[in-house]
Amino acid sequence: MNDSGKTLAGILLGLAAGVAIGLLLAPEKGSDLREKLNDSLKSVSDDVKKKVSSQIDTLNEKKSKLKQDAEQFHEDFVA
């Protein structure tokens, strides 16, 4: 994972922790609190899944490009 990916992951984890702590300290009914906490965690989870998916797509594109470059190199210099 590159530096921007690590930074984003840290921000998302900090956000999730802040939301969880804020909700736990809020003066609400337990059922309302659990529902809000669940919704917040689902949102953070969705954001993380999107970021991971994006990183996987980027890595797959780089892998394809590297494979093409290696095949071209082989054709140019080995064959």
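No lab work stands behind these numbers, since they all come straight from the coordinates. All values reported here derive from a predicted model rather than from experimental measurement. Note: ideal-geometry Cβ built from the backbone for every residue, glycine included; neighbour counts use all protein chains shown.
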**Fill in**
In degrees rounded to 10, the 0-90 angle between helix 30-73 Cα long axis and the longest Cα principal axis of the chain is 10
**Asked** Given the Cα-Cα distance of Asn38 and Ser53 and 0.36 nm per residue of separation, how much length would full extension add, in nm?
**Response** 3.2 nm
**Cβ-placed point charges (K, R +1; D, E -1), dipole of the chain about Cα centre in debye, nearest 20** = 320
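Would you please put 48-59, 64-75 in order of how densely packed they are, using the mean number of other Cβ atoms within 10 angstrom per residue and starting with the highest?
Sorting 48-59, 64-75 by mean packing, highest first, produces 48-59, 64-75.
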**Distance from segment 13-31 to segment 38-61 (C-alpha centre basis), Å** = 22
**Complete:** Label model pair Ser31, Asn60: point-to-point distance (7 angstrom along the Cα→beta-carbon line) in nm is 4.3
